[in-house]
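Comments concern the structure below.
Coordinate-derived values only; no laboratory data. None of these values were measured; they are calculated from a predicted model. No Cβ is skipped: glycine too gets one built from the backbone with ideal geometry, and neighbour counts run over all protein chains shown.
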Amino acid sequence: MAERGDSQTFTGRDFRDAVGGFATGINVITTRGEDHAYGMTANAFTSVSLEPPLILICIGSTATGADILRRNGCFAVNILGSEQEPVSRFFASKDRPKGRDAFRGVPHRKEVTGSPILDGAAGFLDCLLHAEHEAGDHLIFIGEVVALGADPEVEPLLFHAGQYRLLHAGE
C-alpha cells in the first residue's frame with residue numbers, strides 16, 4: 001500500500017485526464033462587490049449538508065475570483081442549461097469584460113445576496129460564505145444557501161473529457 005509522501009508515478013496531465021472522465025455540470029459562480037459584480041465558470045461544486053443547507057465550490061487559490069468572493073462574503077452558483085455554452089465560454093475567457101461591464105449583455109437578476117442570477121439557468125443557489133479551507137492549489141468555499149430555484153424543464157450543460165456535452169434523455 002502506498003503511503004502519503006511516496007513519489008507519484010503520474011503527471012498533473014494524467015490526473016486531469018482521469019478526473020475528466022467524470023461528467024460534471026457547468027456552473028457560473030457569481031458574486032457582487034461594492035463597485036461591481038464578478039463571474040467565473042467552474043465545475044467543482046457539490047452539496048454538503050441539508051441541515052443547514054450547505055454547498056461547496058473550489059476555486060484556484062491564485063484566481064482573482066477567490067479574493068473577490070472572500071471579500072464579498074457571498075456567492076451564487078448558476079447551474080447552466082444546455083443552451084448556455086456561450087455563457088460558460090464568456091465567463092471562462094480571460095479576455096471577458098471586467099469591472100462594471102462584467103455582465104454586459106448577460107441577462108440576469110439579483111436575489112437575496114445581490115449576486116447575479118443568470119436568466120435561463122437550470123437552477124441557482126444564492127449563498128452566504130460559511131467557511132473557507134485550503135486544499136492544495138485550490139480553496140474550498142462552503143456557502144450556506146439562503147435562496148434557490150430550479151427549472152426542471154431546462155436540460156443541463158455537461159462537461160466530460162475536456163468537452164461540452166449535452167444530456168440525451170432516453171425515450
Multiplying the sequence separation of L50 and A18 by 0.36 nm and subtracting their Cα-Cα distance, what value in nm do you get? 8.6 nm
Where does each of 62-74, 85-97 land if you order them by average Cβ count within 10 Å, highest first? 62-74, 85-97
May I ask you to give the average projected area over all directions of the convex hull of the Cα atoms of the stretch 82-171, in nm² rounded to one decimal? 8.1 nm²
May I ask you to sort I57, I142, I26 by Cβ crowding, counting other Cβ atoms within 10 Å and putting the fewest first? I142, I57, I26
Cut-off is 10 Å between beta-carbons; in what order do E132, E144, E51 appear when sorted fewest neighbours first? E51, E132, E144
When Rg is the radius of gyration of the Cα atoms in the stretch 59-126 and Rh is its Kirkwood radius, what does Rg/Rh come to? 0.94
How far apart, in nanometres, would the label points at L166 and E134 be if each is projected 7 angstrom from Cα along the Cα-to-Cβ direction? 4.4 nm
Report the rotationally averaged projected area of the stretch 25-155 based on its alpha-carbon convex hull, in square nanometres. 7.4 nm²
Arranged by the count of other C-beta atoms within 10 angstrom, fewest first, what order do Y38, Y164 take? Y164, Y38
